[in-house]
């Protein structure tokens, strides 16, 4: 790359005024060559920070060393985008050594391009959090880490020998962003992180509003999901619970909305048939996002009793649509709704809990919708992108100020 292109990202070389440069490391980035399914949660955050120069390294683990690749897309949608396929065995074997290789490769790229990040943001605390920590130390940058409960909890449980390293990373980080509010206390217990340098970073949704007007809904409970993950999304238990509720849900139908391979579609249909629910549980194909948001608004409730859901953007989307939700305790959006009676939390995999929750949402629907409308301001403060981005910008400014003004580095 020509020097003029390399220095554009940082607005100049050392000694010239420049804006703080943010380096993002993410294993869940929707890049041009990543196969589906993959969330665009990190993309949505990066999209709203384009006034900052940003580099995104989209990480893809491969188990075949012959597939290692480094692809530089240059300036891509307002950021410098690199897709890096790196080798690592499954189950986190050799995690630290593999992430050391990742950090060295990224470090060589940055040095060759004369790019010096002020912020290194690892979008998972474990795995690429190790690489991010090493890069932050090398370039004397402030370290941000996102905490995603599903993966962090698995690693903490399966890799106890890594605890000293993780505690050191938490100590050195300038900011820990809790994407999964439900795992905040568990994360603090394992890492000893100072709560004063933690904050919430809910995934960004497109329909936030500080004012919600209740509507008269259709007698339909909706459950949007990828059919590639029906067990993780709790669909077998949801269908069983819908059947178990019997006459308490008379006149109400359940719509499963999503797409997937033929075998997944066939399995959903067999689950419906096994409970004799043909005609009451309907399988609908994929909906464009805007159409889904509109569909949510007119639904009686949104039910998704997922297992180990990191966040689940459909939960706040439903709430901002004015629709009460059924969600899982210790997963998904749990922890963001404290003090708000806008849905029903159920134990993961508990069919009787789910059945009772569905009945409550149907029988007390008007009251739930009224409470959602009354809580609209609080929901907006906790979950709206404007609030999230404002907190993120403040964290960047504080970290750069503490670490040394960008133009002085």
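The values are calculated or read from the model by the stated rules, or taken from the named source; none is laboratory data. Model, not experiment: these values are computed from the prediction. Because the Cβ atoms are built from the backbone with ideal geometry, glycine has one as well, and the counts that use them run over all protein chains shown.
Residues of region 25-37 that are in a loop (DSSP other than H, G, I, E, B) and more than 11 Å from the chain's Cα centre (by Cα): 27, 30, 31, 32, 33, 34, 35, 36, 37. Applying the criterion of being touching a residue at least 60 places away in the same chain (Cβ under 8 Å) and in a loop (DSSP other than H, G, I, E, B) to the residues of region 334-362, the residue that is surrounded by the fewest Cβ atoms within 10 Å (Cβ to Cβ) is 349.
Kindly indicate whether any position in region 38-54 is assigned to a strand (DSSP E or B) and surrounded by 13 or more Cβ atoms within 10 Å (Cβ to Cβ). The answer is yes, given that some residue of region 38-54 is assigned to a strand (DSSP E or B) and surrounded by 13 or more Cβ atoms within 10 Å (Cβ to Cβ). Among the residues of region 207-223, is there at least one that is modelled with pLDDT under 95, surrounded by 15 or more Cβ atoms within 10 Å (Cβ to Cβ) and touching a helix residue (DSSP H, G or I) at 6+ places or on another chain (Cβ under 7 Å)? There is at least one residue in region 207-223 that is modelled with pLDDT under 95, surrounded by 15 or more Cβ atoms within 10 Å (Cβ to Cβ) and touching a helix residue (DSSP H, G or I) at 6+ places or on another chain (Cβ under 7 Å).
Quick grid of which residues meet (1) free of Cβ contacts under 8 Å to residues at least 60 places away in the same chain; (2) touching a helix residue (DSSP H, G or I) at 6+ places or on another chain (Cβ under 7 Å):
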site	(1), (2)
240	no, yes
243	yes, no
247	yes, no
250	yes, no
255	yes, no
258	yes, yes
262	yes, no
267	yes, no
277	yes, yes
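When residue 193 is tested against (1) in the same structural domain as residue 399 (by TED's automatic domain parsing); (2) not in a loop (DSSP other than H, G, I, E, B), only condition (2) is not met.
Taken over region 103-151, the residue count meeting the criterion of being more than 25 Å from residue 311 (Cα to Cα), surrounded by 24 or more Cβ atoms within 10 Å (Cβ to Cβ) and touching a residue at least 60 places away in the same chain (Cβ under 8 Å) is 6.
Within region 173-186, the set of residues being more than 16 Å from the chain's Cα centre (by Cα) and either surrounded by fewer than 21 Cβ atoms within 10 Å (Cβ to Cβ) or touching a residue at least 60 places away in the same chain (Cβ under 8 Å) (or both) comprises 174, 175, 185, 186. Residues in region 291-327 that are surrounded by fewer than 22 Cβ atoms within 10 Å (Cβ to Cβ) and without any contact (Cβ under 8 Å) to a residue 60 or more places away in the chain were compared, and the one that is farthest from residue 211 (Cα to Cα) is 291.
Quickly run through region 55-69 and pick out the residues that are surrounded by 13 or more Cβ atoms within 10 Å (Cβ to Cβ) and either in contact with a helix residue (DSSP H, G or I) (Cβ under 7 Å, 6 or more places away or on another chain) or not assigned by TED's automatic domain parsing to the domain that holds residue 25 (or both). Result: 55, 56, 57, 59.
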